[in-house]
Every structure is written in structure tokens, then in C-alpha cells.
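The values are calculated or read from the model by the stated rules, or taken from the named source; none is laboratory data. Since the structure is predicted, the reported quantities are computational estimates derived from the model, not experimental observations. Note: ideal-geometry Cβ built from the backbone for every residue, glycine included; neighbour counts use all protein chains shown. Calculation scope for accessible area: heavy atoms of the full protein, side chains included, ligands and nucleic acids excluded. Shrake-Rupley method; radii C 1.70, N 1.55, O 1.52, S 1.80 Å.
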Amino acid sequence: MLDFAIFAVTFVIILIGAVLYLYPSSRSASGVPGLNPTEEKDGNLQDIVNKGSLHEFLVGLHDEFGSVASFWFGGRPVVSLGAVDQLRQHINPNWTTDSFETMLKSLLGYQSGSGVGMTESMIRKKVYEGAINKTLENNFPLLLQLVEELVDKWASYPKSQHTPLCAHLLGLAMKAVTQLAMGSRFGDDAEIIQFRKNHEAIWSEIGKGYLDGSLEKSSSRKAHYESALAEMESVLKSVAKQRSGQGSSQSSFVNYLLQANLTERQVLFFFFFTIMSVFLLFLYIIYACSYLYYFPVCIWAVHFLSVSEAVQERLYHELVEVLGEEPVTLEKIPQLRYCQQVLNETVRTAKLTPMAARLQEVEGKVDQHVIPKETLVIYALGVVLQDADTWSLPYRFNPDRFADESVMKSFSLLGFSGSQACPELRFAYTVAAVLLSTLVRRLRLHRVEGQVVEARYELVTTPKDDTWITVSKRN
């Protein structure tokens, strides 16, 4: 039963366990207020399971103990930060590594040279930031075409027909990410479907087998995982070989990666890591199915627009004023200020990323609390995004709040905009702007009467079930 509970909690729990396994740390919580372990072996794991999710557990934890609190995962302490001021103190002075990357490297068997991890991370960031920007710039017509095909499909529906947002936008995500990343080979639906199957097989084992060791105990699961991983690597090698022979005029993501003068192993890992990151973060903006644990700004944005007619109409008028009847362009997107406010408020209201995790590589301090080296630190972003001390009327969907410069500074600090935002997230915001600018100018979005949309809090907040709307053509 406990194994099932471990699987059911969240991917972040898996990430916590992976990092604590890789980096042993002190049992001391250094005086940070918080919960004592409920059980010696499992710490507060059962408390998390009882709350339903790590996010809901963290809400209760910070309500009881304040903005800096601790709990126990197994026999090891974890520190959680739940307010903007405390995150600001930790983000600026403390050098921390990305625990997601640590876990992924270990699982894929990737070994970097001694002492080059930070350099490698900086190289990859520079490489893929440039590659993502160039890919989006040169493939923007393809992205626009895929979005217009979807909107054409919706426009053909009668007003009474219920449209399943998650299912339809997942199809868009699959087509766009694979074609932009790897080229025309993934214009074939069969290739896309197989890619998705392998992707899900790998991530399902990252979610369960990596933490509890069950992968090693099941020969059939291990064989399935290894087969999916080998096929994924084979596809990436094949794509890299094919694209490398086509010259620098090709404009897919892999072409730009191949121009970076990396070793073959670096190309494979950087490509795999970045494909996963871009793919997941694109889905994070568009859709997350139950196996991927990711959810979309676009799903929530379309949902919020369907229940807020005034916001929808104001967005429509901005789009008409800036774009007229012309298709959106990369150059015009920065002029869509209210559209960006809508996306920002969507991220905040939905608590789209309810938590993040960092490994403390050097001893740090927040308020009067010392955080020991190799402690896992949780950023309780879902708590912060609903903090009444930071956001007025935090449970109300109100894009106008982001016209305030101080609000934008807090939002940027959390990594959702500005220089703190990763290139994948900026890419995803751009895709969301393309979808909304095309959709809202052509169609009115209507909520389905009686529908109750409940959230599932995992690594990214998703609806528990598909979300439905109806649409009607604008005159």
C-alpha cells in the first residue's frame, strides 16, 4: 500500500527522494520550525498522502508554522519556503543546483567529467536558449499553421457542441513540438504516436521505479523501460544524423544544436534533456495528460476566458487594435500587453507550478534560520501565488493586477517572467499568445453550464478531468 501511495503523491516527491538518495545530508533541521516525523522510516510521507498532494500538504504546513517550515522525507529534513521575502533571500545569495537535472543524468547513465557540471550547465543553457529562439523564429509560419488548423476545426462546430480542451490541445502540442524540434519527419502521425508512447514509458518509470527500486525487481518493466529508452535514443541519433547531412539551411531545433561543436555524448544528452524540457514545458503551457504530470497555461487561460466575458472582450479589442485582421507575428507579440497580463494571471490563479525544488550546495541562511549544505529546499510556489500579503484578493482572476510594477517584480522573482524566466517558458508564452490571438479574434468562448473544474496538484496543476467549452463565431 505504501508503494502505491509513493507513486500517487507527485513527481516532486520522486524528485525529492532521488536527490536525497544521491546527496546524503544531515538529519538536523537546524532549528527550522516544522513537523516531527510521523514515522521513523517514512518521515511525514503519510501526512502528505493524507492531504492528497504535496501542494495541499505545504499549504497546511505554512499555515501552521509560517513562511519558513520543515518536514521529514524518510529520515531526512526538507526546508520549505512559502513567501516572496524568504524566496528572495534564498534565491540571491545561495548557489543551488537543479535537482531535476541531477536525477535525469543519473537515470540516463550520463556521466560528466569531474568538476565540469556547472560549466556544462552554462554551455547547455547558452546553446539551447539560442537554439530555441532561432527555431521559433524560423518555424513561426508552421506554428501558426498548426494553430489555425485547430481553430478552423473548432469554428466548424455548432454552438451546442462541447469541445474537450485537453484532448484537442494535446494533439496540437504533439505536432508542434516534434516538428519544430526534429523537422518534417514528424509530419507523420505514426511517428508522433510512437514518440509519445516511448516518452510516457520513460517518464512513468522516472515517476515510480527510480525512487522505490521496483524497476529492478520487475524484469518485464525494466525490459519495457530499456526498450523505450533505447528506441528514443535511436530516434534522436537518427534525426541528428539525417539533419547533419542536410546543411545549415535547415531550421529545426536539432540543426541548431548540431552547430554548437559539442561531443556526440553531449549532443545526445543535451538533445534528450532539452527535448524533454521543451516538450514538457510546451505541454505545461498547452496540456498535460496524467502520465506527464504537466498542465497548460492555455487550458486554464481558455477556461478562465470562457467564464470571464469582460476579460475575454477586452482581450479581443486589444487583439483587433494591434493586429487588425492580419495573422499575429513575433514582432507584434510584445505589443499585446493585456494578453501577457492574462497569461500571467492565468499562471498565478491556477497555481500552475505549485512547487519547485533546489539542492543547497553551500550552507545558506533565510531569516535567522541556517540551511545546511546538501539540504533539499522546496519553493512552495503554490502557497506564494495565493499569499494575501503579496496579492490583493488572491483568489480572484484579475489580469489588471499585472499593470502594477511591484506585482511584476514579485512575479519575476518567482521565475515566471523577465530575466528569471527560462527560455523554454518564454517559448511557451509565445505559443500561448499565438493560440489566444488566433482563437479569440475568431470565436467567442462559452463555459459549459454546471461544469465544476477541479484541480489536481502535481508538479504542474492540471484539471482532474478534461475541461469543456462551447464556441460561437464572431460576427
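Just a few scattered comments:
- Percent carbon-and-sulfur accessible area, segment 37-87, ignoring ligands, DNA and RNA, probe 1.4 Å: 43 percent
- Kirkwood-based shape ratio for segment 360-431, expressed as Rg/Rh from alpha carbons: 1.05
- Segment 387-475 - percent of accessible surface contributed by carbon and sulfur, probe 1.4 Å: 45 percent
- Area of K175 that stays accessible when all protein chains are in place (1.4 Å probe, Å², to 10): 80 Å²
- Protein heavy-atom accessible surface, 1.4 Å probe, per residue over segment 362-437: 40 Å².
- Given charges at beta-carbon only (K, R positive; D, E negative), |dipole| of segment 392-465 in Debye: 260 debye
- Gyration tensor verdict on segment 345-467 (Cα atoms; rounded if a/c is under 1.5, prolate if a/b is larger than b/c, oblate otherwise): prolate
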